[in-house]
Amino acid sequence: MTKSVPEVTGGPTRSLAPQPRELIVTLFGLYARDDHHWLSVASLVRMMAAVGVDGPAVRSSISRLKRRGVLDSVRHHSVVGYALASSLIHVIDEGDTRIFGHQRGTIADGFLILAFSVPEAERDKRHALRTILTQLGFGTVSPGVWIAPAHKRAEIDESLRRRGLADYIETFEGNYTSPKALKGKVAQWWDLRSIAASYSTFIDTYGDVADRHREYPMSDEDTFADYVSMLTDWRRLPYLDPGLPLELLPPEWQGLAAEELFETLHEQLRGPAGRFAQSAIDQR
């Protein structure tokens, strides 16, 4: 792209490539709350067209989300549309904390150690526990022993309680007694290389978006495309990163630069993106 002929339409070239279903969930999280977590089909099609997804692909993705229990078909204001399943509204609220308020612990906070035991007859809960612990950012010390920064205790307790899994676990808090070896252990318990690679990909994908919006006039629709794509890609990352103390992370940890980039883009793009979304919603 040259400065003389800027290509300012359609959003960034994304190596992360969020799927249409992921984009739709982002739209519900961003723009459906003021109307009972509901969006009309027509407004979804308009917004998804702005991010390069055509109507048939939108309807196909909505059908999949409905089958998975993510969306419910609801006629609202005498208009056909979909609402986020009531059982998942708390997930959106949890996501706000994780996505927009990511916290980093300190060594003084210590660690939370969790062990669980699930009867063989309830093996489905064993799988559910492993899934939610991974989503909450736990590392694995050994089979059946999980670890997380202790500053996440309240979030973890609430998530497990809400899902009916708290009775299957035992939790302990404490400090690692060999601090010189702790950094090496952390690299074993968490896949830091994979997390850092995800942050690097985010930076590579969106690093020039802020400059492009400052240098060239961008329509609200183009800004919306960049913002929704960026946020959809970003919202995965705080679930991978447990918020470990910086002293325990590799030098020049890419997470810091990625967090700064996200905050810059969020502040820069959300206003114009919101205007476009509201115009699409108002058309019903």
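Tabulated results
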{"quantity": "Length released on extending from Arg236 to Lys185, taking residue separation times 0.36 nm less the Cα-Cα span", "calculated": "15.9 nm"}
{"quantity": "C-alpha long axis of helix 220-234 to longest principal axis of the chain, angle in °", "calculated": "20"}
{"quantity": "Residue-level accessible surface for Lys125, protein heavy atoms, 1.4 Å, Å²", "calculated": "60"}
{"quantity": "Cβ-Cβ FRET estimate between Ile132 and Ser178, R0 fixed at 30 Å, reported to 0.05", "calculated": "0.55"}
{"quantity": "Degrees between helix 179-189 axis and first principal axis of the chain (Cα, 0 to 90, nearest 10)", "calculated": "50"}
{"quantity": "Spin-label pair Thr106/His76, simplified geometry with 7 Å Cα→Cβ offset, distance in nm", "calculated": "4.3"}
{"quantity": "Tilt relative to the chain, helix 41-50 - C-alpha long axis, 0 to 90 degrees, to 10", "calculated": "90"}
{"quantity": "Relative contact order for segment 128-242, counting Cα pairs under 8 Å that sit 6 or more residues apart, in percent", "calculated": "40"}
{"quantity": "Listed residues Ser78, Ser63 arranged by accessible area, highest first, probe 1.4 Å", "calculated": "Ser78, Ser63"}
{"quantity": "Accessible surface of Asp35 - all protein chains present, 1.4 Å probe, nearest 10 Å²", "calculated": "30"}
{"quantity": "Structure-derived mean projected area of the Cα convex hull in nm²: which label, when the choices are (1) 13.8; (2) 23.8; (3) 16.8", "calculated": "(3)"}
{"quantity": "Inter-probe distance in nm under a simple model that places probes 7 Å from Cα toward Cβ, at Ser117 and Asp167", "calculated": "1.5"}
{"quantity": "Portion, in percent, of the accessible area of segment 58-216 that falls on carbon or sulfur, probe 1.4 Å", "calculated": "50"}
{"quantity": "Rough spin-label spacing in nm, given labels placed 7 Å along Cα→Cβ, for Ala210 and Arg64", "calculated": "3.3"}
{"quantity": "Paramagnetic reach from Gln283 in segment 216-230 [backbone N under 20 Å; point 7 Å along Cα→Cβ]", "calculated": "218-229"}
{"quantity": "Accessible-area order (highest first, 1.4 angstrom probe) of the listed residues Tyr227, Tyr176", "calculated": "Tyr176, Tyr227"}
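The values are calculated or read from the model by the stated rules, or taken from the named source; none is laboratory data. Bear in mind the structure is a predicted one, so any value in this text is a computation, not a measurement. Every residue, glycine among them, receives a Cβ derived from its backbone with ideal geometry; neighbour counts consider all protein chains shown. SASA here: full protein model, heavy atoms, side chains in, ligands and nucleic acids out. Shrake-Rupley method; radii C 1.70, N 1.55, O 1.52, S 1.80 Å.
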